[in-house]
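Right, one structure below, let's go through it.
The values are calculated or read from the model by the stated rules, or taken from the named source; none is laboratory data. Quick caveat, the model's predicted, so the values are computed rather than measured. Virtual Cβ from ideal backbone geometry, glycine too; neighbours counted across all protein chains shown. Ligands, DNA and RNA are excluded from the accessible area calculation, which covers all protein heavy atoms including side chains. Shrake-Rupley method; radii C 1.70, N 1.55, O 1.52, S 1.80 Å.
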Amino acid sequence: MNKISIYGLTFEQLAAWLLERGHRKYRALQVWDWLYVKRVTDFFEMSDVHPEALSLLNEHFAIRTLSEHVKQESTDGTVKFLFRLPDGNLIETVLMRQKYGLAVCVTTQVGCNIGCSFCASGLLSKDRDLSSGEIVEQIMQVQLHLDRAGKGEAVSHIVVMGIGEPFDNFGNMVDFLLIIKNQKGLNIAGRRITVSTSGLADKIIEFADLNLQVNLAISLHAPNDELRTRIMKINRAIPIEKLMGAIDYYLEKTKRRTTLEYILLRDVNDQKEHALELAELIGERRSLINVNLIPYNPVDEHSQYQRSDRETVRAFFDTLKKQGISVSTRLEQGSDIDAACGQLRSKQIKESALG
C-alpha cells in the first residue's frame with residue numbers, strides 16, 4: 001500500500017497529528033523546517049528529531065511520491081517535467097524563467113473534464129484529482145532540480161494553471177495554497193501566486209470568502225455566450241452573466257485586481273468587433289480588471305484552430321487600450337518543446353499505447 005505524501009499536511013494538520021501521538025508542537029516546527037527549508041528527502045536525515053517521531057512519520061508518510069519520467073529543457077530556460085505518480089498516471093509541471101523570478105506552473109488533476117475545444121489538457125478526460133501533497137511535491141521536485149544545479153536559485157512564483165480545473169479540486173487546492181504560503185516553510189507570498197479557473201461561479205464566490213490574498217485569473221476567451229459556448233462547453237452550465245456576477249462578488253469582497261485570460265484564435269475570437277464587445281462586457285469593472293492576451297499553441301488534435309498573426313494581435317490589443325482597458329500580452333515560452341499544457345503528457349501516453 002502506497003504511503004501518502006507528507007507534503008499534503010498543512011502545518012496545523014502536521015502539529016495535530018504529532019500531538020495526538022504524544023509529541024509537542026515544536027516537533028512539527030522541526031519537521032517542517034527539514035521538509036521545506038533544508039529540503040531533505042528521507043525522514044532519517046532529520047538529525048535533531050526524536051527517533052520515535054521519525055519512525056512514526058516514516059511508517060505513515062512518504063517524502064518522495066513523484067518520479068521524473070521525462071524532462072524537456074527549452075533554449076529560453078523553460079523546463080517541462082513529466083512526473084509519474086505511484087498509480088502510474090502522468091502529470092506535467094513547468095518551470096519558467098521570468099524577469100521577476102522563477103515561476104512554476106502546477107497541475108491539479110490527472111486529465112480534465114472541462115472540455116475546452118482548443119486545449120491539449122482536455123484531450124484525456126479526468127482520471128482523478130491530485131492530493132494536496134501531490135500538488136505541493138511538484139514544487140518541491142522543481143526546487144530540488146534547482147538545488148542540484150548549485151546556483152542558489154529558488155522558486156519565487158506559482159501559477160495554478162496546469163492540467164485540470166483547480167476549482168474542481170477545491171479542498172486540496174486550498175490546502176496546497178496554505179502549505180506553500182506558510183512563512184516558516186516555502187513562504188511564497190500570496191501576491192506571487194495566481195490561480196486560474198475556467199469559471200466555476202460558485203467556487204469563485206467560495207474562494208472570495210476565504211480571502212487568501214492570492215491572484216485570480218478567469219479563462220474567458222470569448223466576449224459573448226454564443227462564441228464562448230462554441231469553444232468552451234462549460235459556458236452551457238455557467239453562462240457569462242452568471243460568471244460575471246461571481247466576478248463582481250469577488251471584486252467587491254477582496255478588492256483585488258482580477259485577470260481575464262483570452263486566447264486569441266485566428267478568425268474565431270480575434271477581430272476588432274470581439275475586442276469592442278469584450279471592452280463593453282468589462283464596462284465599469286475596468287479599474288479592477290486586466291485582460292491577458294495569450295498566443296495560441298497549436299495542437300495537432302485541434303487543427304481547426306490556428307494562432308492569430310501579430311498584426312491581428314496588435315490590433316486587438318490597441319482596440320482594448322483605446323477603450324481604457326488594462327491589457328497585456330503573455331510572453332511565449334517553451335516554443336521549442338511541447339509548449340501547450342497537456343501536450344507532452346498526451347504524446348507520451350499515445351507513444352506508450354503504440355508500444
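See the values below:
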| item | result |
| --- | --- |
| Any hit, the stretch 37-50, residues being surrounded by 15 or more Cβ atoms within 10 Å (Cβ to Cβ), hydroxyl-bearing (Ser, Thr, Tyr) and within 25 Å of ILE135 (Cβ to Cβ) | no |
| When residues of the stretch 138-158 are limited to those that are within 20 Å of GLY8 (Cβ to Cβ) and not in a helix (DSSP H, G or I), the one nearest to the chain's Cα centre (by Cα) | ILE158 |
| Within the stretch 215-231, tally of residues that are more than 20 Å from ALA279 (Cβ to Cβ) and of a type outside the set (D, E, K, R) | 3 |
| Failed item in (1) in contact (Cβ under 8 Å) with a residue 24 or more places away in the chain; (2) crowded, with 20+ Cβ neighbours inside 10 Å; (3) outside any loop (DSSP other than H, G, I, E, B), with THR65 passing the rest | (3) |
| Cβ pairs under 7 Å, 6+ apart, first in the stretch 310-321 and over 13 Å from ALA279 (Cβ atoms), second open to solvent by 50 Å² or more (accessible area, probe 1.4 Å) and outside any helix (DSSP H, G or I) | VAL313/THR329 |
| Residues that are in a loop (DSSP other than H, G, I, E, B) and touching a residue at least 40 places away in the same chain (Cβ under 8 Å), drawn from the stretch 191-240 | SER198, GLY199, ASN211, GLN213, LEU220, HIS221, ALA222, PRO223, ASN224, LYS233 |
| Residue in the stretch 241-263 that is most open to solvent (accessible area, probe 1.4 Å), counting only those that are among the charged types (D, E, K, R) and part of a helix (DSSP H, G or I) | GLU241 |
| Candidates ARG285, ARG314, ARG330 - the one that is out of contact with any His (no Cβ under 9 Å at 6 or more places or on another chain), of a type outside the set (Val, Ile, Thr), modelled with pLDDT of 95 or more and exposed (fewer than 14 other Cβ atoms within 10 Å of the Cβ) | ARG314 |
| The listed residue being among the aliphatic types (A, V, I, L, M) and open to solvent by 20 Å² or more (accessible area, probe 1.4 Å), out of LEU146, LEU130, LEU124 | LEU124 |
